[in-house]
Amino acid sequence: MYSVGRYMRRRYSKFLGNSPREVLTRSSGSDRCLQSTSLVLAGLYPPQGHWKWNNDLGTLWQPFPIQTVPHAHDPMLNPDSVCPKAKEEIDRIYSSDIVQNYAQSVRSTLRYVEMNSGLKNIDIVRAEELFDTILIERLANLDLPAWIDTSVYDKLYEIMNKTFVFS
């Protein structure tokens, strides 16, 4: 995330000033998001001029206020927050003919996953969630279960892409 901040500094250097007071930062209240936000800001606003507050850490980093709302009460940045209108729209989309036809077209894959994963009631959304776990394990060079061959992996990847579009 620090590198992302440095990249943004290079990319937008003609647009950005050097004052940490020119931005208002809003983050989710989750620890990982607050940490990521701090790192982005450290790369984006390295101390310059009078913003260098001492000759050690103050030449590399400056503190930023990060506005937040407790995670459980954050309707904007908590993906688990409940929005009745959004739920109504998601329900409408997922009950549409397009989504229902797609789900039917991958039914054999969903049954295969259900039989081999030990998970019950696999639908395209649960398959997407399972794929997230499989992807993380693969990126961490962990061994995947033997039942996840290239064909199953590719099909779950396709399902993940579709449900992303549907959502």
* Structure fact -> In this structure, the FRET efficiency calculated for ASN161 and LEU34 from their beta-carbon separation, with R0 = 45 Å, to the nearest 0.05, is 0.90
* To do: Please list the radius of gyration and Dmax for region 9-145, considering alpha-carbon atoms only, with Å as the unit.
  => 22.5, 64
* Structure fact -> Any aspartates and glutamates whose Cα falls less than 18 Å from that of LYS120, other than same-chain ones fewer than 8 residues away, would be GLU128, GLU129, ASP132
* Structure fact -> So, relative contact order of the chain in percent, Cα under 8 Å, 6 or more apart, is 17
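Once fully extended, how much extra length lies between GLN100 and ARG9, figured as 0.36 nm per residue of separation less the alpha-carbon to alpha-carbon distance? Don't skip to the answer; put the middle values down first.
On the way: separation 91, 0.36 × 91 = 32.76 nm, distance 4.50 nm.
Stretched fully, the GLN100-ARG9 segment lengthens by 28.3 nm.
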* Structure fact -> So, relative contact order of region 71-167 in percent, Cα under 8 Å, 6 or more apart, is 25
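Let's see if you can work this out: charge +1 on each Lys and Arg Cβ, -1 on each Asp and Glu Cβ, no other charges. What is the dipole magnitude of region 55-135 about its Cα centre, in debye to the nearest 20? Intermediate results must be reported in sequence, preceding the final value.
Working: 7 positive and 12 negative charges, 59 e Å.
Around 280 debye, computed over region 55-135.
If you place +1 on the Cβ of every Lys and Arg and -1 on the Cβ of every Asp and Glu, how big does the dipole about the Cα centre of region 1-89 come out, in debye to the nearest 20?
480
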* To do: Output the relative contact order of region 110-167, whole-number percent, from Cα pairs under 8 angstrom with separation of 6+ residues.
  => 38
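What is the local net charge at MET160, summed over the other residues whose Cβ is closer than 15 Å to its Cβ (Lys, Arg +1; Asp, Glu -1)?
On the way: positive: ARG126, ARG138, LYS155, LYS162; negative: ASP123, GLU128, GLU129, ASP132, GLU137, ASP154, GLU158.
Once all neighbours under 15 Å are counted, the net charge is -3.
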* To do: Mind checking which of TYR45, LEU57, LEU16 is farthest towards the positive end of region 6-57's charge dipole, using Cβ charges of +1 (Lys, Arg) and -1 (Asp, Glu) about the Cα centre?
  => LEU16
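Only the coordinates and a few stated rules stand behind these numbers; no lab work does. As the structure is a computational prediction, the values presented were derived from the model and not from experiment. Every residue, glycine among them, receives a Cβ derived from its backbone with ideal geometry; neighbour counts consider all protein chains shown.
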